[in-house]
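Input: a single structure, listed below in structure tokens.
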């Protein structure tokens, strides 16, 4: 009996231990379930909040769709607006054509370049690159010199003879400009200096030389993204003057890098018309205009004899493919600028640091064209 009682006590102790272990496991499981229930409650709150937010957004989207349905025009209205836009585009194109025709009629000019006859080396002054010229308006004898590709000092000489003298008498007038220029494409026209303002892609300043003040400026649309001439990479806007007035020459990357000429009103700097040309800027060093015809001067990057290989006539009376190549008088260097003087029929060139004058021979367009035709027939 005592052994059996001892065995029963041992079994009871074992049962008690198992009961305690089971109770502890049950408590632990209960705690874990309570933690899960708490997390589930938090997740249920978040889901409820997101559902409510989504419901608000859906309601807002429905209201916006309803608003757009009321605002979007019908297909008929869209067709009418397209027709109106097309009509406005045609009207604008017609207006541009009328302006172009008006420019041709009002500025009828029949002079064309025949050949470059001779050169005269006037002086060597200033930097390797620069620009010099006269004012073609009126009968001014003054000579203007702008040395370098970036500066703000202009020298004004009373005459060409005064400029050529070793000891200039009287000394040149020094004009401090209100802003630096960039490149060599400047001109003086009717007492005003027009130039490309430095550190700007396409801003042109008009400066009165009497008091060196800016009287007007403009931004030329589409210009200043490429150098005008690949052999003169510092010039992005090249201004020019001919018998028709003030021009700007620049290169357009959207037109294959070819040259573009723009006619400006010298008083307001407003754009009168723009022509896209077939003349390339690659291997070009300079250009000038005579009676609305652009003549582009080409060379090599090592320097050589300059030639005119491409021209563009806004009047469409002479064509580049019908004109022979024109050579400059033998001088194997390069030009950083060439400016045409309509009254003197001369080119003022900056030739590797030398100030040079070229005498040109001009004739009527019809005579040039007949001469070209004869040359072509003779070659055939």
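The values are calculated or read from the model by the stated rules, or taken from the named source; none is laboratory data. Note that this is a predicted model, so its numbers are computed, not measured. Because the Cβ atoms are built from the backbone with ideal geometry, glycine has one as well, and the counts that use them run over all protein chains shown.
Considering only segment 331-338, I want to know if a residue exists there that is surrounded by 22 or more Cβ atoms within 10 Å (Cβ to Cβ), more than 13 Å from residue 349 (Cβ to Cβ) and assigned by TED's automatic domain parsing to the domain that holds residue 149. No, that holds for no residue.
Of the residues making up segment 273-296, those that are in contact (Cβ under 8 Å) with a residue 40 or more places away in the chain and either closer than 9 Å to residue 313 by Cα or more than 19 Å from the chain's Cα centre (by Cα) (or both) are 283, 288, 289, 290, 291, 292, 293, 294, 295. Candidates 117, 176, 182, 203: the one that is modelled with pLDDT of 95 or more and either out of contact with any strand residue (DSSP E or B) (no Cβ under 8 Å at 6 or more places or on another chain) or loosely packed, with under 13 Cβ neighbours inside 10 Å (or both) is 176. Within segment 146-169, does at least one residue satisfy the condition of being more than 26 Å from residue 356 (Cβ to Cβ), in contact (Cβ under 8 Å) with a residue 24 or more places away in the chain and assigned to a strand (DSSP E or B)? Within segment 146-169, none of the residues are more than 26 Å from residue 356 (Cβ to Cβ), in contact (Cβ under 8 Å) with a residue 24 or more places away in the chain and assigned to a strand (DSSP E or B). Contact map, segment 319-339: first residue within 18 Å of residue 305 (Cα to Cα), second residue in a helix (DSSP H, G or I), Cβ cut-off under 7 Å, separation 6 or more or different chains; pairs are 324/372; 324/375. Residues in segment 211-241 that are touching a residue at least 24 places away in the same chain (Cβ under 8 Å) and part of a loop (DSSP other than H, G, I, E, B): 16 in all. The set of residues in segment 183-206 being touching a residue at least 40 places away in the same chain (Cβ under 8 Å) and either part of a strand (DSSP E or B) or not assigned by TED's automatic domain parsing to the domain that holds residue 243 (or both) consists of 187, 188, 189, 192, 193, 194, 195, 196, 204, 206. Annotation note: of 147, 140, 162, the sole residue that is within 21 Å of residue 338 (Cβ to Cβ) and either at pLDDT below 95 or outside the structural domain of residue 274 (by TED's automatic domain parsing) (or both) is 140. Taking segment 244-265 as the search range and keeping residues that are touching a strand residue (DSSP E or B) at 6+ places or on another chain (Cβ under 9 Å) and surrounded by fewer than 17 Cβ atoms within 10 Å (Cβ to Cβ), which one is modelled with the highest pLDDT? Per the stated criteria, the residue is 265.
Scanning segment 232-243 for residues that are under 22 Å from residue 303 (Cα atoms), at pLDDT below 95 and touching a strand residue (DSSP E or B) at 6+ places or on another chain (Cβ under 8 Å) yields a single hit, 232.
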